[in-house]
Structures are given as C-alpha cells and as structure tokens.
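Heads up, the thing below is written out as structure tokens.
The values are calculated or read from the model by the stated rules, or taken from the named source; none is laboratory data. Owing to the predicted nature of the structure, the values given are computational and were not obtained by experimental measurement. Note that we place each Cβ from the backbone using ideal geometry, even for glycine, and neighbour counts take in every protein chain shown. These accessible areas exclude ligands, DNA and RNA; they are computed on the full protein's heavy atoms, side chains included. Shrake-Rupley method; radii C 1.70, N 1.55, O 1.52, S 1.80 Å.
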Amino acid sequence: MLRISIQTILRGALMAGGIGLFLAASPLEVAAQDRTPMRIAVEGAFPPFNYLDANNKLQGFDIDIANALCEVGKFECQFIIEKWDDIIPDLVADKYDAIISSMSMSLERRQKVAFTEKYYNSPSVFIARKDSSISDVSPAALSDKILGVTSSTAQESYANHLYPEMKKTVFRSSPELYKGLAEGSVDIILEDKLAIYDWIANTKAGSCCEFKGPDLVDITYFGEGAGIALRLDDKERLTRLNEALKSIKADGTYDMINAKYFPFSIQ
C-alpha cells in the first residue's frame, strides 16, 4: 500500500507540472500480458497421467505435457479439476477451454469436441488376479464373470457393446477400479494399459494381478490415441496447440517427460 501511495503522489505531482509519468510494467507483467489465457480441465484421479500428490498438488504425465505446451504455445494456463462424467459437457458449456486428461479420441467423442494430434497412444487390456483361472477373454468365456470398468470411459463403451451379457460393476475412478479388482469384488477389469502399468509394476497392491489376453486396439471405441479436446469452433487454439505439440516433440522436451514416467516410448 505504501508503494502505491508514493506512485500516486508522484504521478499527481508530475501531472500538475505538465509532465506525464508512465510507470513501466515489470518483465513478468509484460510476459503475462503476451500470453493467451487457457483453462485446462483434468480429472486428477488417473495416475500416473494426472493425480493429486500428498500435498494436494496436481502431478503426472498429462500435467507435465500441459505445462510444456503452455510454455511453448505462450498460454497463461489454469488447471481445473473436473469429474470425468462432466468433463466434455462442461467444456462445451465454456467452463474451461481444453481437456488435457488422457482422453481417447473415439468417433463418438469427435461428434462433440475437436481434438489435436495425438500426444500419446495406448491400447486397452483386460487384467485379472494372478490366482484367477481366466485365460480366454472372449465374450463367451467371460459370460459368467463380473467385469469392472470406469464410468464414462472408452472401456465402458467397448464392454457394453462387445460384452453385453457380462455383469458389470462401474467404478467412479481408476483407483477405485484397481481396488475392486485387488479385493475381489470383480473378476476382471478392462483398462488403459499405460494407465494401469505403474500400479501393476510398482505397487504392492498391483502385484496381485496381471494382463490377460491381447492388447485391444479398436479405433471405433479407443480412437487413435489420446488427444487434447477443444470446442469444435476453437480452431485458432487447435492450431496453436498442434504447433506447440510438434515443437516439444522436436526439441526433446516430450522425450524427457516420457522418460520420467515410462521406460519405453508411448508416442
């Protein structure tokens, strides 16, 4: 308050003498003015891609990619945690500007939102406990089993259409899905392979379980990888994000982020 008062006094004194005083903005203020505001929605419950750490701070592959894109693309970014079921409707309703939350680019979603080029690709896969007798994951073989999926995901849509006879338990988030499998409330789950990789490979709870059957790659349900979702008419932002994505892949930034989370390329 003291600094502002002095500036006000000086400005008044100089203006009284016929001299205009122009207070220069700081470099940080200029940089912020040059950036385009962008509100980014993430689920915050999909490790290792996006999650809240012990300090309630957003972390993960999606968050690091988003921050890199904001820097290169000259966006002033704000993260908003959103429930997965509401994430597309609220984007369309202009509650934020982009979704950077491991969203697969399915044909159904492309009717509602626009997508950038993919920023990573991952198949889906069935997972069951190691002590399970399940080896065949065909619809006929699993007809008497209970399948777990996460609400409003490509995996749920795939299971509903290709495994219509199976009993299903729909979980609100991936951590709850994994817990259901580990505790035995479901016999098998269907999940994004990269999303569950860390849980299986690096946690005590995940050591109970293993992949079953082949990787599932179906463009109709899983799209052509994960992309950044925007409103259909947001063409300028789409172009800028695609250019920024191309830049971080070319200069090695993407590879550094990739290596932080996975011992193999996920492009």
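Collect the residues in region 44-69 that are of a type outside the set (D, E, K, R) and free of Cβ contacts under 8 Å to residues at least 60 places away in the same chain, keeping them in residue-number order.
Correct list: GLY44, ASN50, TYR51, LEU52, ALA54, ASN55, ASN56, LEU58, GLN59, ILE63, ALA66, ASN67.
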* Structure fact -> Only one of (1) part of a loop (DSSP other than H, G, I, E, B); (2) surrounded by 15 or more Cβ atoms within 10 Å (Cβ to Cβ); (3) not aliphatic (A, V, I, L, M) does not apply to PHE79, and that is (1)
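Residues are listed down the side, and each one gets a yes or a no for (1) open to solvent by 10 Å² or more (accessible area, probe 1.4 Å); (2) touching a strand residue (DSSP E or B) at 6+ places or on another chain (Cβ under 6 Å); (3) at positive phi:
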position: LYS179; (1), (2), (3): yes, no, no
position: GLY184; (1), (2), (3): yes, no, yes
position: PHE222; (1), (2), (3): yes, yes, no
position: LEU232; (1), (2), (3): yes, yes, no
position: THR239; (1), (2), (3): yes, no, no
* **Meets criteria (surrounded by fewer than 16 Cβ atoms within 10 Å (Cβ to Cβ) and either among the hydroxyl-bearing types (Ser, Thr, Tyr) or touching a residue at least 12 places away in the same chain (Cβ under 8 Å) (or both)) for LEU162** => yes
* Exclusive hit being more than 18 Å from the chain's Cα centre (by Cα), of a type in the set (A, V, I, L, M) and crowded, with 16+ Cβ neighbours inside 10 Å, set LEU142, LEU91 -> LEU142
* To do: Please work out which one of (1) modelled with pLDDT under 95; (2) open to solvent by 60 Å² or more (accessible area, probe 1.4 Å); (3) within 30 Å of TYR254 (Cβ to Cβ); (4) not in a helix (DSSP H, G or I) is the condition TYR197 fails and give its number.
  => (4)
* Structure fact -> Only unsatisfied item for ARG129, checking (1) in the same structural domain as ALA229 (by the TED database); (2) in contact with a helix residue (DSSP H, G or I) (Cβ under 8 Å, 6 or more places away or on another chain); (3) open to solvent by 30 Å² or more (accessible area, probe 1.4 Å), is (1)
* Structure fact -> For ALA205, the lone unmet condition from (1) farther than 22 Å from MET103 by Cα; (2) buried (at least 18 other Cβ atoms within 10 Å of the Cβ); (3) not hydroxyl-bearing (Ser, Thr, Tyr) is (2)
* Asked: Would a scan of region 150-164 turn up a residue that is more than 20 Å from MET105 (Cβ to Cβ) and out of contact with any Pro (no Cβ under 6 Å at 6 or more places or on another chain)?
  -> yes
* If GLY73 passes every condition in (1) closer than 28 Å to PHE264 by Cβ; (2) out of contact with any Lys or Arg (no Cβ under 7 Å at 6 or more places or on another chain) but one, which one does it miss? -> (2)
